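Step one of this worksheet: look at the structure below.
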Amino acid sequence: MTRTDLLANASAARGRTVLISGASIAGPALAYWLNRYGFAVTVVERAGTVRDGGYPIDVRGTALDVVRRMGILPRLREAHIDLRRLTFLDEDGAEVASVDPHAVTGGVAGRDLEVRRGALAGAIHEAVRDEVELLFGDSIDTLDQHRHGVDVTFRGGASRTFDLVLGADGLHSHTRELLFGPEERFHRYLGYCFAGFTLRNTFGLVRETTMWNAPGRAAVLYAVGDDDDVHGFLNFARPQPPIDVFRDPEAQRELVAAVFDGAGWEVPGMLAALRDADDLFFDVVSQIRMPRWSSGRVALVGDAAYAPSFLTGQGSSLALVGAYMLAGSLAAERDHSAGFAAYERDTRAFVTLNQDQAGKGEAALFPTTARALERRNTMLRGLGSTPLPAEGRPAHSALVLPEFRPPA
(Lines give C-alpha, C1' and ligand atoms only; values in the text may rest on other atoms or scores of the structure.)
Protein backbone atom coordinates (compact mmCIF):
# COMPACT_ATOMS: atom_id res chain seq x y z
CA MET A 1 0.00 0.00 0.00
CA THR A 2 1.35 3.42 -0.91
CA ARG A 3 1.57 6.38 1.43
CA THR A 4 -1.26 8.01 -0.55
CA ASP A 5 -3.44 4.95 0.07
CA LEU A 6 -2.59 5.05 3.78
CA LEU A 7 -3.54 8.71 4.01
CA ALA A 8 -6.77 8.16 2.10
CA ASN A 9 -7.77 5.25 4.32
CA ALA A 10 -6.91 7.19 7.46
CA SER A 11 -9.01 10.14 6.36
CA ALA A 12 -11.93 7.87 5.53
CA ALA A 13 -11.61 6.01 8.82
CA ARG A 14 -11.78 9.08 11.02
CA GLY A 15 -12.83 11.88 8.72
CA ARG A 16 -10.37 14.25 10.37
CA THR A 17 -7.31 15.85 8.82
CA VAL A 18 -4.63 17.35 11.03
CA LEU A 19 -1.78 19.77 10.35
CA ILE A 20 1.10 19.71 12.84
CA SER A 21 3.55 22.62 12.85
CA GLY A 22 7.03 21.53 13.92
CA ALA A 23 9.13 18.40 13.34
CA SER A 24 11.55 18.33 16.26
CA ILE A 25 10.30 16.03 19.06
CA ALA A 26 6.70 16.81 20.00
CA GLY A 27 5.50 17.17 16.39
CA PRO A 28 6.67 13.80 15.00
CA ALA A 29 5.65 12.02 18.22
CA LEU A 30 2.18 13.51 17.92
CA ALA A 31 2.07 12.52 14.25
CA TYR A 32 2.98 8.94 15.19
CA TRP A 33 0.11 8.55 17.63
CA LEU A 34 -2.48 10.39 15.56
CA ASN A 35 -1.63 8.20 12.57
CA ARG A 36 -2.05 5.13 14.75
CA TYR A 37 -5.54 6.32 15.61
CA GLY A 38 -6.46 6.83 11.95
CA PHE A 39 -6.09 10.58 11.47
CA ALA A 40 -4.72 11.91 8.18
CA VAL A 41 -1.62 13.77 9.31
CA THR A 42 0.50 16.44 7.65
CA VAL A 43 3.62 17.82 9.35
CA VAL A 44 5.15 21.10 8.23
CA GLU A 45 8.67 22.09 9.29
CA ARG A 46 10.55 25.31 8.56
CA ALA A 47 13.93 23.53 8.41
CA GLY A 48 14.91 21.72 5.24
CA THR A 49 15.36 18.34 6.91
CA VAL A 50 15.43 16.56 10.26
CA ARG A 51 18.20 18.09 12.34
CA ASP A 52 21.00 15.69 13.19
CA GLY A 53 23.37 15.84 16.18
CA GLY A 54 22.51 18.51 18.70
CA TYR A 55 22.91 18.81 22.41
CA PRO A 56 22.18 15.96 24.80
CA ILE A 57 18.64 15.65 26.13
CA ASP A 58 17.07 13.43 28.79
CA VAL A 59 14.20 10.95 28.56
CA ARG A 60 12.98 10.01 32.02
CA GLY A 61 10.08 8.61 33.97
CA THR A 62 6.74 8.56 32.17
CA ALA A 63 8.37 9.50 28.87
CA LEU A 64 10.24 6.19 28.88
CA ASP A 65 6.89 4.43 28.71
CA VAL A 66 5.97 6.57 25.68
CA VAL A 67 9.08 5.63 23.69
CA ARG A 68 8.66 2.01 24.75
CA ARG A 69 5.13 1.97 23.33
CA MET A 70 6.45 3.59 20.15
CA GLY A 71 8.91 0.72 19.72
CA ILE A 72 11.99 2.98 19.62
CA LEU A 73 13.36 2.30 23.11
CA PRO A 74 15.97 -0.28 21.93
CA ARG A 75 17.38 2.18 19.40
CA LEU A 76 17.57 4.90 22.04
CA ARG A 77 19.30 2.52 24.44
CA GLU A 78 21.99 2.05 21.81
CA ALA A 79 22.36 5.83 21.48
CA HIS A 80 22.53 6.39 25.26
CA ILE A 81 25.43 8.66 26.15
CA ASP A 82 26.13 7.23 29.62
CA LEU A 83 27.67 10.33 31.14
CA ARG A 84 29.93 9.04 33.91
CA ARG A 85 31.20 12.04 35.83
CA LEU A 86 30.21 15.58 36.69
CA THR A 87 33.05 17.71 38.06
CA PHE A 88 32.60 21.12 39.66
CA LEU A 89 35.34 23.73 39.84
CA ASP A 90 35.59 26.93 41.83
CA GLU A 91 36.47 30.35 40.46
CA ASP A 92 40.19 29.55 40.59
CA GLY A 93 39.72 26.30 38.68
CA ALA A 94 40.25 24.04 41.70
CA GLU A 95 38.02 20.98 42.06
CA VAL A 96 35.07 21.33 44.43
CA ALA A 97 33.53 17.90 43.90
CA SER A 98 33.25 15.11 41.36
CA VAL A 99 29.95 13.22 41.48
CA ASP A 100 27.78 10.78 39.57
CA PRO A 101 25.52 12.92 37.33
CA HIS A 102 22.39 11.12 38.53
CA ALA A 103 23.03 12.39 42.05
CA VAL A 104 22.36 15.91 40.71
CA THR A 105 19.74 15.33 38.01
CA GLY A 106 17.54 12.95 39.97
CA GLY A 107 17.79 10.41 37.15
CA VAL A 108 18.04 6.66 37.61
CA ALA A 109 21.22 4.92 36.46
CA GLY A 110 20.56 2.05 34.05
CA ARG A 111 17.01 3.19 33.30
CA ASP A 112 16.78 6.83 32.28
CA LEU A 113 18.20 7.90 28.93
CA GLU A 114 20.47 10.69 27.75
CA VAL A 115 20.86 10.96 23.99
CA ARG A 116 21.69 13.60 21.41
CA ARG A 117 18.57 15.46 20.39
CA GLY A 118 19.15 14.32 16.81
CA ALA A 119 19.14 10.67 17.88
CA LEU A 120 15.66 11.00 19.40
CA ALA A 121 14.34 13.11 16.52
CA GLY A 122 15.76 10.66 13.98
CA ALA A 123 14.22 7.64 15.68
CA ILE A 124 10.76 9.22 15.75
CA HIS A 125 11.13 10.45 12.16
CA GLU A 126 11.89 6.94 10.91
CA ALA A 127 8.79 5.68 12.68
CA VAL A 128 6.50 8.14 10.84
CA ARG A 129 8.16 9.15 7.57
CA ASP A 130 6.33 6.55 5.46
CA GLU A 131 3.00 7.00 7.25
CA VAL A 132 2.34 10.75 7.22
CA GLU A 133 2.82 13.68 4.85
CA LEU A 134 5.99 15.66 5.62
CA LEU A 135 6.50 19.18 4.27
CA PHE A 136 10.05 20.42 4.93
CA GLY A 137 11.27 23.91 4.12
CA ASP A 138 7.90 25.53 4.74
CA SER A 139 5.82 26.91 7.61
CA ILE A 140 2.43 28.31 8.51
CA ASP A 141 1.85 31.92 7.52
CA THR A 142 -1.78 32.49 8.53
CA LEU A 143 -4.63 30.60 10.18
CA ASP A 144 -8.33 31.28 9.68
CA GLN A 145 -10.70 29.19 11.78
CA HIS A 146 -14.33 28.65 10.85
CA ARG A 147 -17.13 26.27 11.63
CA HIS A 148 -15.91 23.48 9.38
CA GLY A 149 -12.12 23.68 9.70
CA VAL A 150 -9.00 25.82 9.61
CA ASP A 151 -7.85 27.54 6.43
CA VAL A 152 -4.05 27.63 6.36
CA THR A 153 -1.77 29.59 4.10
CA PHE A 154 1.86 28.53 3.98
CA ARG A 155 4.93 30.71 3.59
CA GLY A 156 5.61 28.88 0.34
CA GLY A 157 2.33 30.17 -1.10
CA ALA A 158 0.08 27.11 -0.88
CA SER A 159 -3.34 27.14 0.82
CA ARG A 160 -5.12 24.17 2.38
CA THR A 161 -7.91 23.43 4.83
CA PHE A 162 -7.57 21.06 7.79
CA ASP A 163 -9.98 19.90 10.45
CA LEU A 164 -7.41 20.64 13.20
CA VAL A 165 -4.09 22.46 13.52
CA LEU A 166 -1.66 21.52 16.31
CA GLY A 167 1.33 23.69 17.18
CA ALA A 168 4.49 21.84 18.16
CA ASP A 169 6.84 24.60 17.05
CA GLY A 170 8.82 25.23 20.20
CA LEU A 171 9.45 27.90 22.81
CA HIS A 172 9.07 30.75 20.32
CA SER A 173 6.00 29.23 18.66
CA HIS A 174 4.57 31.11 15.68
CA THR A 175 1.38 29.05 15.98
CA ARG A 176 0.93 30.25 19.56
CA GLU A 177 1.46 33.86 18.49
CA LEU A 178 -1.17 33.55 15.73
CA LEU A 179 -3.65 31.99 18.12
CA PHE A 180 -3.06 33.66 21.49
CA GLY A 181 -0.96 36.76 20.82
CA PRO A 182 2.60 37.85 21.66
CA GLU A 183 4.96 35.52 23.48
CA GLU A 184 5.45 38.07 26.28
CA ARG A 185 2.00 37.19 27.65
CA PHE A 186 3.12 33.68 28.52
CA HIS A 187 6.89 33.97 28.82
CA ARG A 188 8.30 33.49 32.33
CA TYR A 189 11.92 34.61 32.42
CA LEU A 190 13.97 32.69 35.01
CA GLY A 191 16.85 35.13 35.30
CA TYR A 192 19.55 33.49 33.15
CA CYS A 193 20.92 33.64 29.62
CA PHE A 194 23.08 31.05 27.92
CA ALA A 195 25.19 30.55 24.84
CA GLY A 196 25.82 27.06 23.48
CA PHE A 197 28.35 26.10 20.79
CA THR A 198 30.78 23.38 19.75
CA LEU A 199 34.54 23.52 20.16
CA ARG A 200 37.52 21.19 19.81
CA ASN A 201 38.07 18.72 22.64
CA THR A 202 41.58 19.68 23.68
CA PHE A 203 40.75 18.96 27.32
CA GLY A 204 40.94 15.15 27.41
CA LEU A 205 37.29 14.85 28.44
CA VAL A 206 35.46 11.56 27.81
CA ARG A 207 31.78 11.03 28.70
CA GLU A 208 31.92 13.69 31.37
CA THR A 209 31.00 17.26 32.16
CA THR A 210 33.14 19.89 33.86
CA MET A 211 31.50 23.02 35.27
CA TRP A 212 33.31 26.16 36.40
CA ASN A 213 31.37 28.57 38.59
CA ALA A 214 31.68 32.11 39.84
CA PRO A 215 28.74 34.01 41.36
CA GLY A 216 26.26 34.56 38.55
CA ARG A 217 28.44 32.89 35.91
CA ALA A 218 29.06 29.31 34.82
CA ALA A 219 31.15 27.74 32.05
CA VAL A 220 30.51 24.14 31.07
CA LEU A 221 32.39 21.66 28.89
CA TYR A 222 30.29 18.64 27.99
CA ALA A 223 31.88 15.61 26.29
CA VAL A 224 29.21 13.15 25.18
CA GLY A 225 31.77 10.54 24.10
CA ASP A 226 35.39 10.33 23.04
CA ASP A 227 34.79 12.60 20.03
CA ASP A 228 37.04 15.37 18.77
CA ASP A 229 34.43 17.96 19.80
CA VAL A 230 32.77 19.01 23.03
CA HIS A 231 29.72 21.13 23.73
CA GLY A 232 30.47 24.43 25.40
CA PHE A 233 27.96 26.41 27.44
CA LEU A 234 28.35 29.85 28.97
CA ASN A 235 25.52 30.63 31.37
CA PHE A 236 25.04 33.89 33.25
CA ALA A 237 22.50 35.64 35.44
CA ARG A 238 20.83 38.81 34.19
CA PRO A 239 17.93 40.67 35.86
CA GLN A 240 16.13 41.35 32.59
CA PRO A 241 16.30 39.48 29.27
CA PRO A 242 18.62 41.17 26.73
CA ILE A 243 15.92 41.67 24.11
CA ASP A 244 18.16 43.95 22.03
CA VAL A 245 20.56 41.10 21.08
CA PHE A 246 18.07 38.34 20.24
CA ARG A 247 18.31 38.80 16.47
CA ASP A 248 21.98 39.78 16.30
CA PRO A 249 24.56 36.97 16.70
CA GLU A 250 27.45 39.43 16.81
CA ALA A 251 25.77 41.37 19.60
CA GLN A 252 25.25 38.07 21.42
CA ARG A 253 28.96 37.26 21.15
CA GLU A 254 29.88 40.70 22.42
CA LEU A 255 27.51 40.43 25.38
CA VAL A 256 28.84 37.02 26.43
CA ALA A 257 32.45 38.16 26.03
CA ALA A 258 31.78 41.21 28.21
CA VAL A 259 30.10 39.16 30.94
CA PHE A 260 32.95 36.64 31.09
CA ASP A 261 35.79 39.13 30.68
CA GLY A 262 38.53 38.33 33.19
CA ALA A 263 37.24 34.85 34.01
CA GLY A 264 39.82 32.14 34.57
CA TRP A 265 40.09 28.40 33.92
CA GLU A 266 39.36 27.55 30.24
CA VAL A 267 36.96 30.44 29.75
CA PRO A 268 39.29 32.61 27.59
CA GLY A 269 39.70 29.72 25.14
CA MET A 270 35.95 29.13 25.15
CA LEU A 271 35.37 32.79 24.31
CA ALA A 272 37.82 32.52 21.44
CA ALA A 273 35.96 29.46 20.13
CA LEU A 274 32.65 31.29 20.58
CA ARG A 275 33.80 34.06 18.25
CA ASP A 276 34.35 31.56 15.41
CA ALA A 277 31.53 29.10 16.18
CA ASP A 278 29.11 28.49 13.31
CA ASP A 279 26.56 26.74 15.52
CA LEU A 280 26.05 29.39 18.21
CA PHE A 281 22.73 29.06 20.00
CA PHE A 282 21.82 31.93 22.30
CA ASP A 283 18.64 32.24 24.34
CA VAL A 284 17.24 33.05 27.74
CA VAL A 285 16.31 30.45 30.34
CA SER A 286 12.55 30.63 30.52
CA GLN A 287 9.25 28.82 30.70
CA ILE A 288 5.93 29.11 28.90
CA ARG A 289 2.97 29.19 31.27
CA MET A 290 -0.49 29.37 29.69
CA PRO A 291 -3.97 29.32 31.25
CA ARG A 292 -5.18 27.14 28.37
CA TRP A 293 -3.53 25.23 25.54
CA SER A 294 -6.25 25.33 22.89
CA SER A 295 -8.70 27.64 21.18
CA GLY A 296 -11.30 26.46 18.72
CA ARG A 297 -9.73 23.94 16.38
CA VAL A 298 -6.12 24.73 17.27
CA ALA A 299 -4.07 23.39 20.19
CA LEU A 300 -0.46 23.47 21.38
CA VAL A 301 1.86 20.76 22.65
CA GLY A 302 5.40 20.55 24.06
CA ASP A 303 7.49 23.70 24.46
CA ALA A 304 4.94 25.74 22.51
CA ALA A 305 2.44 25.19 25.33
CA TYR A 306 4.54 24.50 28.42
CA ALA A 307 8.30 24.81 27.94
CA PRO A 308 9.79 23.91 31.34
CA SER A 309 13.34 25.27 30.67
CA PHE A 310 16.56 23.26 30.65
CA LEU A 311 16.81 23.82 34.42
CA THR A 312 14.31 20.99 34.84
CA GLY A 313 15.83 18.61 32.28
CA GLN A 314 12.26 17.66 31.32
CA GLY A 315 11.64 19.47 28.03
CA SER A 316 11.82 16.42 25.77
CA SER A 317 10.02 14.21 28.26
CA LEU A 318 7.10 16.64 28.52
CA ALA A 319 6.99 16.85 24.72
CA LEU A 320 6.74 13.06 24.41
CA VAL A 321 4.14 12.68 27.14
CA GLY A 322 2.11 15.65 25.92
CA ALA A 323 2.03 14.26 22.37
CA TYR A 324 0.78 10.90 23.63
CA MET A 325 -1.91 12.50 25.78
CA LEU A 326 -3.12 14.95 23.10
CA ALA A 327 -3.39 12.30 20.39
CA GLY A 328 -5.12 9.82 22.67
CA SER A 329 -7.56 12.40 23.98
CA LEU A 330 -8.54 13.41 20.44
CA ALA A 331 -8.97 9.77 19.46
CA ALA A 332 -11.08 8.95 22.52
CA GLU A 333 -13.56 11.79 21.95
CA ARG A 334 -15.84 12.32 18.97
CA ASP A 335 -15.61 16.10 19.32
CA HIS A 336 -12.30 17.96 19.19
CA SER A 337 -13.38 20.38 21.93
CA ALA A 338 -13.93 17.48 24.30
CA GLY A 339 -10.60 15.99 23.25
CA PHE A 340 -8.72 19.22 23.93
CA ALA A 341 -10.45 19.56 27.31
CA ALA A 342 -9.50 16.02 28.29
CA TYR A 343 -5.90 16.62 27.21
CA GLU A 344 -5.60 19.62 29.51
CA ARG A 345 -7.50 18.01 32.37
CA ASP A 346 -5.36 14.88 32.42
CA THR A 347 -1.96 16.39 31.58
CA ARG A 348 -1.74 19.80 33.26
CA ALA A 349 -0.93 18.59 36.79
CA PHE A 350 1.99 16.54 35.46
CA VAL A 351 3.25 19.50 33.43
CA THR A 352 2.99 21.94 36.34
CA LEU A 353 4.73 19.58 38.73
CA ASN A 354 7.68 19.28 36.36
CA GLN A 355 7.81 22.98 35.56
CA ASP A 356 8.00 23.62 39.30
CA GLN A 357 11.28 21.68 39.38
CA ALA A 358 12.95 24.87 38.16
CA GLY A 359 14.56 26.19 41.31
CA LYS A 360 15.48 22.68 42.43
CA GLY A 361 18.24 20.31 41.34
CA GLU A 362 19.90 21.66 38.21
CA ALA A 363 18.67 25.20 38.89
CA ALA A 364 20.62 25.24 42.16
CA LEU A 365 23.80 24.69 40.15
CA PHE A 366 23.96 28.37 39.11
CA PRO A 367 24.08 30.50 42.30
CA THR A 368 24.19 34.24 41.84
CA THR A 369 25.91 35.22 45.11
CA ALA A 370 29.12 34.12 46.84
CA ARG A 371 27.17 32.90 49.87
CA ALA A 372 24.77 30.82 47.75
CA LEU A 373 27.71 29.40 45.79
CA GLU A 374 29.43 28.27 48.98
CA ARG A 375 26.21 26.63 50.18
CA ARG A 376 25.94 24.80 46.88
CA ASN A 377 29.57 23.67 47.08
CA THR A 378 29.01 22.33 50.58
CA MET A 379 26.00 20.39 49.31
CA LEU A 380 28.02 18.98 46.40
CA ARG A 381 30.83 17.79 48.66
CA GLY A 382 28.28 15.74 50.58
CA LEU A 383 26.84 14.05 47.50
CA GLY A 384 29.75 11.66 47.22
CA SER A 385 28.48 9.76 50.26
CA THR A 386 24.79 10.02 49.33
CA PRO A 387 23.15 6.91 47.75
CA LEU A 388 21.92 7.43 44.20
CA PRO A 389 18.14 7.77 43.82
CA ALA A 390 16.44 4.42 43.28
CA GLU A 391 13.30 5.84 41.68
CA GLY A 392 14.34 9.28 40.45
CA ARG A 393 12.43 12.44 41.22
CA PRO A 394 8.72 11.78 41.81
CA ALA A 395 7.78 14.47 39.29
CA HIS A 396 9.37 12.51 36.44
CA SER A 397 6.95 9.58 36.85
CA ALA A 398 3.93 11.38 38.31
CA LEU A 399 1.65 10.45 35.39
CA VAL A 400 0.69 6.86 34.55
CA LEU A 401 -0.11 6.66 30.84
CA PRO A 402 -3.74 5.72 30.19
CA GLU A 403 -4.84 3.29 27.50
CA PHE A 404 -6.90 5.27 25.00
CA ARG A 405 -9.72 3.54 23.18
CA PRO A 406 -11.32 5.33 20.23
CA PRO A 407 -15.13 5.26 20.28
CA ALA A 408 -16.82 2.61 18.16
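Quick notes on this one:
- The shape of the stretch 280-407 comes out prolate: with a ≥ b ≥ c from the C-alpha gyration tensor, a/c is at least 1.5 and a/b beats b/c.
- Global geometry of the stretch 263-315, whether rounded, prolate or oblate, following the gyration tensor of its Cα atoms and the 1.5 cut on a/c: prolate
- The chain - percent relative contact order, Cα under 8 Å, separation 6 or more: 22 percent
- Peptides 78-90, 289-301, 18-30 ranked from most to least packed, by the mean per-residue count of other Cβ atoms within 10 Å: 18-30, 289-301, 78-90.
- Crossing angle, helix 117-128 versus the chain [Cα axis fit, 0-90 degrees, rounded to tens]: 20 degrees
- Protein accessible area in the chain, 1.4 Å probe - carbon and sulfur %: 49 percent
- Normalising the Debye intensity of the stretch 121-279 to I(0), with uniform scatterers on Cα atoms only, and taking log10 at q = 0.14, 0.17, 0.18 Å⁻¹ returns -0.93, -1.08, -1.12.
The values are calculated or read from the model by the stated rules, or taken from the named source; none is laboratory data. Quick caveat: nothing in here was measured; it's all calculated off a predicted structure. Counting neighbours? That spans all protein chains shown, and the Cβs are built from the backbone with ideal geometry, glycine included. What goes into the accessible areas is simple: the full protein's heavy atoms, side chains included, and nothing from ligands, DNA or RNA. Shrake-Rupley method; radii C 1.70, N 1.55, O 1.52, S 1.80 Å.
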